[in-house]
Structures are given as structure tokens and as C-alpha cells.
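Structure record follows, encoded as C-alpha cells.
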Amino acid sequence: MTEKIDRRKAKTKQALREAFVALIKEKGLETITVSDLTRKANINRGTFYLHYRDVLDLREHFKAEVQEGLLRIVAHLEPRDMFNQALEGKVYDGLIRLYEYFDSQADFFEVMLGQNGDLSFSVLMKETIHSHMYHKLIESQVQNVLLVPADILIGYVSSAHFGFILEWIRHGRQQTPAELAKYMCTIMYHGPLRALGFLPPKTT
């Protein structure tokens, strides 16, 4: 019986998530009502209120769920390994996993980060990546040999990574996560100026 209830709950949540994403595309986040959601998801209001207090509560639950998924991925990212493998011209597997996660949640990211979405969600995602990478770098004491302060470097790297992902999503995810990881590692290895063609490529 419990398994049946859990399946029903998961099905309801998925229907509401799909309805939520579709409605943001149609009319924007701020004008969505409970009636809109229940009608779109084909459920009754009583079922909605079994799970959420209101639209804001539903939105915050979905944001938290996506953030938790991202945290599970970034918890295994090692900045030193990423930089060292990029230095060797290799693709860091952790980046592929990170991009695979964004790919799996692309519909949600696309609407929440779009003009009709929630700007605070962008801040939340960047801070999630930044905080993790910063603490990892501090713990590894790599900051002792950095050319710039750790907070500035990690602010740059985390913002660049997130902007990289955001542009990928906005342009229809035309590259695979593995291809995207290869491009990012290439940029890290050669540096933005070489990637842009202002400097000659490094020779190995």
C-alpha cells in the first residue's frame, strides 16, 4: 500500500512540475495560480493542498529539490583535479557529470532562468557552485600559490562555469555534456585569450 501511495505522490509531483514549467512559458511565474496548476496538471485542488500550501511553496520545493541534486554532484568535484587535468589537456569526468545533471533538469532551468522566471534561482545556483568550490580550494590550501586571491579566482571560475551552462541551455543544448566538458577544459588549458585567438595556442 505504501509503495502505491509513493508512486501516486511521485506521479502527482511530476504532473505539477510539468504544469509549472509549461505555465511559466505561457504566462510568467508571477501570475500562476493554484487553479492554473491543478487544471494544467489535471488534478483537484484538494490533492494540490495535500502537498503544498500555495504556488510559492511549490516553487520553493522545486528549487530546493534541484539545488539538492546539484549539491550531490558538486560535492564530488575537486577543483585541483579539474585544473590539473585541464593542464594536461584532459577532460575532467566531474564536469561531464555536472553538465549531465543540468541537461537532465534543462526544462526547469530554462524557464526559471528565463525572462519570465525567478532571478533569485540564478543567484542560488551560482552560490551553490561558488561556495562548494571555494571551500574545496581553501581546504586544499592551494590559495598559498595562487596569483590572485582565492575568493576572486573562485568567483570568476564559478560565474564563468554557470554562464557557460546557461548559454548552452538557452541555445538548445546543441552539444552533449561530454562535448561541453571538453570545451570548458580547453578554455581552462589555453585560457580565454588563447581560446579567443588573441594569443597563439600553447604547444605541448
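Looking at (1) more than 17 Å from ASP118 (Cβ to Cβ); (2) aliphatic (A, V, I, L, M); (3) in contact (Cβ under 8 Å) with a residue 12 or more places away in the chain, can you tell me which one ALA10 breaks?
Going through the list (1) more than 17 Å from ASP118 (Cβ to Cβ); (2) aliphatic (A, V, I, L, M); (3) in contact (Cβ under 8 Å) with a residue 12 or more places away in the chain, ALA10 breaks only (3).
Give me the pairs, please: first residue somewhere in the range 71-89 and without any contact (Cβ under 8 Å) to a residue 40 or more places away in the chain, second residue anywhere and among the basic types (Lys, Arg) and open to solvent by 60 Å² or more (accessible area, probe 1.4 Å), beta-carbon distance under 9 Å, and either six or more positions apart or on two chains.
If the second residue must be among the basic types (Lys, Arg) and open to solvent by 60 Å² or more (accessible area, probe 1.4 Å), the pairs left are ILE73/ARG97; HIS76/ARG97; ASN84/LYS90.
How about the range 1-109: which helices (runs of 4 or more DSSP H) wholly inside it have at least 3 residues that are of a type in the set (Lys, Arg) and surrounded by fewer than 17 Cβ atoms within 10 Å (Cβ to Cβ)?
It comes to 2-27.
Which one of these does ASP151 not meet: (1) in contact with a helix residue (DSSP H, G or I) (Cβ under 7 Å, 6 or more places away or on another chain); (2) of a type in the set (Asp, Glu); (3) modelled with pLDDT of 80 or more?
The failed condition is (3).
Answer yes or no as to whether LYS25 is touching a residue at least 24 places away in the same chain (Cβ under 8 Å) and either under 26 Å from the mean Cα position of the chain (by Cα) or closer than 19 Å to ALA64 by Cβ (or both).
Criteria met by LYS25.
Exactly one condition in (1) in a helix (DSSP H, G or I); (2) of a type in the set (Gly, Ala, Ser); (3) surrounded by fewer than 19 Cβ atoms within 10 Å (Cβ to Cβ) is false for GLY172; which is it?
Of everything listed in (1) in a helix (DSSP H, G or I); (2) of a type in the set (Gly, Ala, Ser); (3) surrounded by fewer than 19 Cβ atoms within 10 Å (Cβ to Cβ), GLY172 misses just condition (1).
Take the conditions under 14 Å from the mean Cα position of the chain (by Cα) and closer than 14 Å to PHE162 by Cα and apply them to VAL66. Does it pass?
no
The values are calculated or read from the model by the stated rules, or taken from the named source; none is laboratory data. Nothing here was measured: the structure is a model prediction, and the numbers come from that model. Counting neighbours? That spans all protein chains shown, and the Cβs are built from the backbone with ideal geometry, glycine included. The area values use the complete protein model at the heavy-atom level, side chains included, leaving out ligands, DNA and RNA. Shrake-Rupley method; radii C 1.70, N 1.55, O 1.52, S 1.80 Å.
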